[in-house]
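Here's the structure we're looking at; comments come further down.
The values are calculated or read from the model by the stated rules, or taken from the named source; none is laboratory data. Keep in mind it's a predicted model, so treat the numbers as computed, not measured. Cβ placement follows ideal geometry from the backbone for every residue including glycine, while neighbour counts extend to all protein chains displayed. SASA here: full protein model, heavy atoms, side chains in, ligands and nucleic acids out. Shrake-Rupley method; radii C 1.70, N 1.55, O 1.52, S 1.80 Å.
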Amino acid sequence: MYALMDCNNFYASCERVFKPSLRNKPIVVLSNNDGCVVARSNESKALGVKMGVPIFKIKDFVKQHNIVVCSSNYTLYGDLSNRVMTLIKNFSPDVEVYSIDEAFINFNGHHYANFDQIGLEMHRIIKKGIGIPISIGFAPTKALAKVANKIAKKYPERTQNYYIIDTEEKRIKALKWTKIEDVWGIGRQFSKKLQSIGVTNAYQFTQLSDSYVRKYFSVVGLRLKKDLEGEPTIQFEDIKPKQNIATTRSFDVMMQTQEELRERIATFSSLAAVKLRNQKSNCELIQVFIYTNRFRQDLPQYSGYKTVKLPFPTSSTFELNKYAQKVLNEIFKPGFHYKKAGVILMGITQDQTQQLSMFEYENPKHKVLMQVLDKMNVKMGEKVKFGGQDLKRKWKMRQEHLSPCYSTNLKDIITINCQ
């Protein structure tokens, strides 16, 4: 038996943990730089706030309905997520953290487990210990656990925040209730294709022949069908290093000169290189892009990007910035107002399996130097910068509605009046 634990409206719930006054109020959480809505409370959903809508487009609507606007506080969300996942492991050591607010729990082998009791206890402990409401779905497969979780979340009072699919009757009823576009792993294109042949719910999908699903939806679709039929085919996955590492930012003001962009690209290369070294990897490809502001149609528009192959795998900030600047020289065009840029590292390989080059190679001193500089920056707070970076400027996201980091920063810890 598998369980899927999902935190309800996670970002909004995190904001409420230390500010109970936000309970029952509509909340939206914004993306980096306070750009778009990336999370909503149930109250905001009921008001019709759409995911991904730019906040400036609903400014008057937000004011009219007294919607609480929060800047995304990933430090707080990450810490609360870790605490939730730690408590979950008390129920089973076999946990796959699927996202910041979701985890699969493997109960295979727990032959005498009482899942009613586990569901109630899991919800009680997380709610009491962290203050985050959760929903739990139990089923013989991961795809069915997803379906069960949706039912628990949709009907919290009737299900007491957990639902178990443990009979064939329950499985069929749940699949008939689940719209095809809501099935885990069925994307927008798949659902459109299925709807065009009259498949509107998950049960109808399971009634298609294996050969048909294999032909038109690949082996991935066939595995999903088997999982929905109750035959476990989607197994637990090991955590793998990231295959791409990106550092991209929108600027607070538009930039016109190459010198301004040069400094940004140097900073982005440095940040991406640190991420690369943290997972003990090298990269073989680097991509740089620059965009103008697509919302300013009164200004000329341009987007430029290029990917280059490095002569040898590397994680050296010196090398990555050198090639990033070369790409910038090729894609930069004067006369435009640039709003966004980024550096993406690809072709990532593990450090211990580095492919050596006969004619070009990295300066061996770089690796030792990077290790020392990384330790210094961790200890002193990113005091060491590389050539090309502005020594005075420290990039900061626009976060006009940022909540304190209550659980990770002693300066932000809450005070209680005990008088």
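Inspect segment 331-338 for any residue being at pLDDT 90 or above, part of a helix (DSSP H, G or I) and open to solvent by 50 Å² or more (accessible area, probe 1.4 Å) and give the result as yes or no.
Initially, segment 331-338 is screened for residues at pLDDT 90 or above, giving 331-338.
Within this subset, residues satisfying the condition of being part of a helix (DSSP H, G or I) are 331.
Retained after the next criterion (residues that are open to solvent by 50 Å² or more (accessible area, probe 1.4 Å)): none.
The answer is no; no qualifying residue exists.
Determine, yes or no, whether K170 is touching a strand residue (DSSP E or B) at 6+ places or on another chain (Cβ under 9 Å), touching a residue at least 12 places away in the same chain (Cβ under 8 Å) and not hydroxyl-bearing (S, T, Y). Step through it out loud before you land on a result.
Details: touching a strand residue (DSSP E or B) at 6+ places or on another chain (Cβ under 9 Å): yes; touching a residue at least 12 places away in the same chain (Cβ under 8 Å): no; not hydroxyl-bearing (S, T, Y): yes.
Judged against the criteria, K170 is not a match.
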### Query
Taking into account only those residues within segment 342-354 that are farther than 30 Å from E260 by Cβ and not β-branched (V, I, T), which is modelled with the highest pLDDT?
Q350
### Query
Within segment 36-45, is there a residue that is under 15 Å from the mean Cα position of the chain (by Cα) and under 21 Å from M122 (Cα atoms)?
no
### Summary
When (1) open to solvent by 50 Å² or more (accessible area, probe 1.4 Å); (2) under 22 Å from Y302 (Cα atoms) are applied to T248, the one that fails is (1)
### Query
What residue, of G221, G185, is modelled with pLDDT under 95 and in a loop (DSSP other than H, G, I, E, B)?
G185
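Which members of segment 160-172 meet the condition of being open to solvent by 20 Å² or more (accessible area, probe 1.4 Å) and either within 13 Å of T206 (Cβ to Cβ) or not charged (D, E, K, R) (or both)?
First pass over segment 160-172, keeping only residues open to solvent by 20 Å² or more (accessible area, probe 1.4 Å): 160-163, 166-172.
Within segment 160-172, Q160, N161, Y162, Y163, T167, E168, R171, I172 meet the criteria.
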### Message
Let me confirm something: among S92, S71, S81, which residue is open to solvent by less than 30 Å² (accessible area, probe 1.4 Å), farther than 16 Å from I134 by Cβ and of a type in the set (S, T, Y)?
### Response
S71
### Query
All but one of (1) without any contact (Cβ under 8 Å) to a residue 60 or more places away in the chain; (2) within 28 Å of the chain's Cα centre (by Cα); (3) part of a helix (DSSP H, G or I) hold for Q352; which doesn't?
(1)
### Residue under evaluation E157, criteria (1) part of a helix (DSSP H, G or I); (2) in contact (Cβ under 8 Å) with a residue 60 or more places away in the chain, criterion not met
(2)
### Message
Scan segment 313-328 and tell me whether some residue there is open to solvent by 20 Å² or more (accessible area, probe 1.4 Å), of a type in the set (A, V, I, L, M, F, W, C) and farther than 19 Å from T247 by Cβ.
### Response
no
### Summary
Filtering segment 355-383 down to residues that are open to solvent by less than 50 Å² (accessible area, probe 1.4 Å), at pLDDT below 70 and either outside any loop (DSSP other than H, G, I, E, B) or closer than 23 Å to F268 by Cβ (or both) yields G381
### Task
Scan (1) closer than 24 Å to T159 by Cβ; (2) not in a loop (DSSP other than H, G, I, E, B) for the single condition S211 breaks and write down its number.
(1)
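In the list S218, S211, which residue meets the criterion of being small (G, A, S) and open to solvent by less than 80 Å² (accessible area, probe 1.4 Å)?
Details: S211 fails: open to solvent by less than 80 Å² (accessible area, probe 1.4 Å).
On inspection, the qualifying residue turns out to be S218.
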### Query
In segment 384-419, what residues are modelled with pLDDT under 75 and loosely packed, with under 11 Cβ neighbours inside 10 Å?
G387, L391, K392, K394, K396, Q419
### Query
Mind checking whether some residue in segment 124-136 is β-branched (V, I, T), modelled with pLDDT of 95 or more and in contact with a Gly (Cβ under 9 Å, 6 or more places away or on another chain)?
yes
### Query
Which ones in segment 19-44 are open to solvent by 40 Å² or more (accessible area, probe 1.4 Å) and either under 17 Å from K57 (Cα atoms) or in contact with a Gly (Cβ under 8 Å, 6 or more places away or on another chain) (or both)?
N32, C36, V38, R40
### Query
Of the residues A152, A143, A113, which is aliphatic (A, V, I, L, M), more than 21 Å from V17 (Cα to Cα) and touching a Leu at 6+ places or on another chain (Cβ under 8 Å)?
A143
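Looking for whichever is open to solvent by 30 Å² or more (accessible area, probe 1.4 Å), touching a residue at least 40 places away in the same chain (Cβ under 8 Å), under 16 Å from H366 (Cα atoms) and not in a strand (DSSP E or B) here; the options are R262, R277, R296. Which one fits?
Values: R262 fails: under 16 Å from H366 (Cα atoms); R296 fails: under 16 Å from H366 (Cα atoms).
R277 is the lone residue from the list that is open to solvent by 30 Å² or more (accessible area, probe 1.4 Å), touching a residue at least 40 places away in the same chain (Cβ under 8 Å), under 16 Å from H366 (Cα atoms) and not in a strand (DSSP E or B).
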